Each structure stands twice: as structure tokens, then as C-alpha cells.
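Report on the following structure.
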Number of protein chains: 2
Amino acid sequence: MRDQGNQCSEQLGERLAARGLRPTVQREHVYRVLLQDRDHPTAEQVFMRAKKGMPDISMATVYNCLDALVKCGLVKEVNVDRAAMRYCPNMHEHWHFRCDNCGAVYDIDLPPSRLRLELKVPKGFQPKTYEISMRGACPNCAQDN
Amino acid sequence: MRDQGNQCSEQLGERLAARGLRPTVQREHVYRVLLQDRDHPTAEQVFMRAKKGMPDISMATVYNCLDALVKCGLVKEVNVDRAAMRYCPNMHEHWHFRCDNCGAVYDIDLPPSRLRLELKVPKGFQPKTYEISMRGACPNCAQDN
DNA sequence: ATTGAGATTTAGAATTATTCCAAGTATTGA
DNA sequence: TCAATACTTGGAATAATTCTAAATCTCAAT
């Protein structure tokens, strides 16, 4: 667990390069901040933590770095999308598919399935609701490709 | 499918009452708007559609109505939460548990499971990523209860 | 090492989504 | 009918995110 540092920056450099993105000290620093406390911080929290080791970093850069990390597959965004909340009057069990191209959100019916059974949580957690969402290309957009 | 109207308002009235909320023409109208086009509109879109039949309705009321509908279980919010995006450097397959009480987000490891196999989508959809998120009480908060 | 092209960072303005507020209005139960 | 309370409204306020233009950095080719 110690010396995760170099591993981190090497992996980061490769990953970024693979996407045509450049490795920068800010990106590495932001990544390190994320690795340090695994508590799913908001961009604002990342900003505040990042400033400790890099006082001049700006909020815009934090967003930029987070985007870069997401693009190169080192970080996940925990939310369906960063835009407005959407509303759905279908209360049957189902999940959602959001098209990355056209932005449409589709209902996907749950297969007969034993999915429900599989959604087990560790002891102590008391789940009330859950949501499954997928992203990718919808039939229309997949065709135009 | 026709005459869904009265059914709609009856159900609405009961549901609202059960939560100590009052039935109002605005709430019914907003619900009707949601039932009309099942395309997961944003609050802004609901507002624009609602204005057609109720020109004086305000954006604040639309938000209020949507909240009421969500509270009484007739509508779902399609997003983990309406606050800031969160970032997670854990790229292993896992899902998230968000505590409604303290707001913390936990990683929940995927059980060995055949969950993956169950995530089938209808023909034509090309999923790239998916996310499973649950909400409820975390172990700490569940205890203090 | 130098250099030029293009990517990145920065601060702050702008935009977008959502919530708050105070005043007027509607609904409920007595 | 009346009082209490919830709801609606328009607009202001806040919060999250994106945009902008100028300065700086990185890369790859000299």
C-alpha cells in the first residue's frame, strides 16, 4: 500500500497517453487525492483537498482533471449524468438506459430474473431503494454509425 | 388506456393524503404531464409542457409538485441524487450505497454472482457502462435509530 | 537544447439547476 | 363560515458546472 505513488503516476501517464491526453502535475495530484480518501468526494471536496498540496490549483482545473481521469478510465462518476434530474412515472421494477449520443432515457424492463435475489448488501446496511442505469448507444443512434 | 384521467386523479388523491399532502390541481396536472409522454423529462421540460394547459404555473410549483409526487411514490427520480457529482477511483465492478441520513457513499462489492449475466438489454441497445446504486441507511445511521 | 504547435491551467464571468422567500391563495377540519 | 395550515407564485439566492481569454506547459521535431 505504501509506494503506491509511482505506480499511480506511471499508470496515469500511460492511460492518459492512450487517450491523447497529457500527463500533468495537476492531474496526478488530483488522482492522488482521490486515491487517498476513498469516500466519493464531490468536485468541491476534491478541490479543497487538492489545495493542501497545491495551493494554486483552480476549481476549473479540478473539473478538467476529473474529466480527464474519467475519460481515461481511472475514475468513475457516481451519478447517471451531471445534468438535470429526470422524472419517471413508471413505478414497476425496471431500469434505465441513457443514450450517450442523443441523451434520451429509455425504460428497460426487468427480465423475469433472479436479479432481485442478487442484490445483497453487507450486514448493517438497510437499503430502501435501488436504481440500475446503463449508458451507451440506443437503437436509433447505434444504427447511424 | 383511455380514461386514464380519473384513475389518475383518484390514485393521486389517495397517495397524497396518505402522506399528509394535499391534492391540488397543479399536482394533478404535473402528474398528467408525466404520464402523457414517458420520456423522462427534466423539470424544465415538465414546466414547459405543463404551461400548455396551465399557463400560470410556476417553475417553483413544478419542483414542488415533482417532490410531492416522488414523496408519495408515484414518480421516481432518475439519478442518484440531485446534488453534486461524486468521484470514485475504484474501477473494480462494484456498486454504491448512499446513506439518506448522513449522505455518505459506500462501495458495495459485487458478490461472486451471476449478476452480470442478468443485465441483458433489448435488441438494438449497445450498453457501454452500467451503474447500480442503492439508497437507505448505512450501518452507523441504522443503529442510531 | 530550442522551438513551435497545440494542450492545459488559471481566475473569473456566465450559465444552468435547484432552493429559498415573502406574500397572496386555496384547502381542510371544526 | 372560519381559523389554521399547506400551497402557489415570481423573483431572488445559491450551488454546480461550464466557458473564456490569456498565460503556461508539454511534446515532438529539429
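The values are calculated or read from the model by the stated rules, or taken from the named source; none is laboratory data. Note that the coordinates shown come from a computational prediction; the quantities given were computed from them, not determined experimentally. Here the Cβ positions follow ideal geometry from the backbone for every residue, glycine too, while neighbour counts run over all protein chains shown. For the accessible areas, the whole protein counts, side chains as well, though only heavy atoms, and no ligand, DNA or RNA atoms are used. Shrake-Rupley method; radii C 1.70, N 1.55, O 1.52, S 1.80 Å.
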Worksheet item: Only one of (1) under 23 Å from residue A:94 (Cβ atoms); (2) at pLDDT below 90 fails for residue B:32. Which number is that?
Response: (2)
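Which one of these is closer than 24 Å to residue B:92 by Cα, among the small types (Gly, Ala, Ser) and either out of contact with any helix residue (DSSP H, G or I) (no Cβ under 7 Å at 6 or more places or on another chain) or at pLDDT 95 or above (or both): A:18, A:60?
Values: A:60 fails: closer than 24 Å to residue B:92 by Cα.
Result: A:18 is the single residue among A:18, A:60 that is closer than 24 Å to residue B:92 by Cα, among the small types (Gly, Ala, Ser) and either out of contact with any helix residue (DSSP H, G or I) (no Cβ under 7 Å at 6 or more places or on another chain) or at pLDDT 95 or above (or both).
Residues checked against (1) within 10 Å of DNA strand D (Cβ to nearest atom); (2) over 24 Å from residue A:106 (Cα atoms); (3) loosely packed, with under 15 Cβ neighbours inside 10 Å:
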residue: B:19; (1), (2), (3): yes, yes, yes
residue: B:22; (1), (2), (3): yes, yes, yes
residue: B:36; (1), (2), (3): no, no, yes
residue: B:49; (1), (2), (3): no, no, no
residue: B:64; (1), (2), (3): yes, yes, no
Worksheet item: Only one of (1) open to solvent by less than 50 Å² (accessible area, probe 1.4 Å); (2) at pLDDT 85 or above; (3) not basic (Lys, Arg) is not met by residue B:115, so which one is it?
Response: (2)
Worksheet, complete the sentence: Going through the stretch B:75-99 in order, the residues found to be more than 16 Å from DNA strand C (Cβ to nearest atom), within 16 Å of residue A:43 (Cβ to Cβ) and either small (Gly, Ala, Ser) or open to solvent by 10 Å² or more (accessible area, probe 1.4 Å) (or both) are B:89
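For the stretch A:91-108, name all the residues that are among the acidic types (Asp, Glu) and more than 8 Å from chain B (Cβ to nearest Cβ).
Scanning the stretch A:91-108 gives a single hit, A:93.
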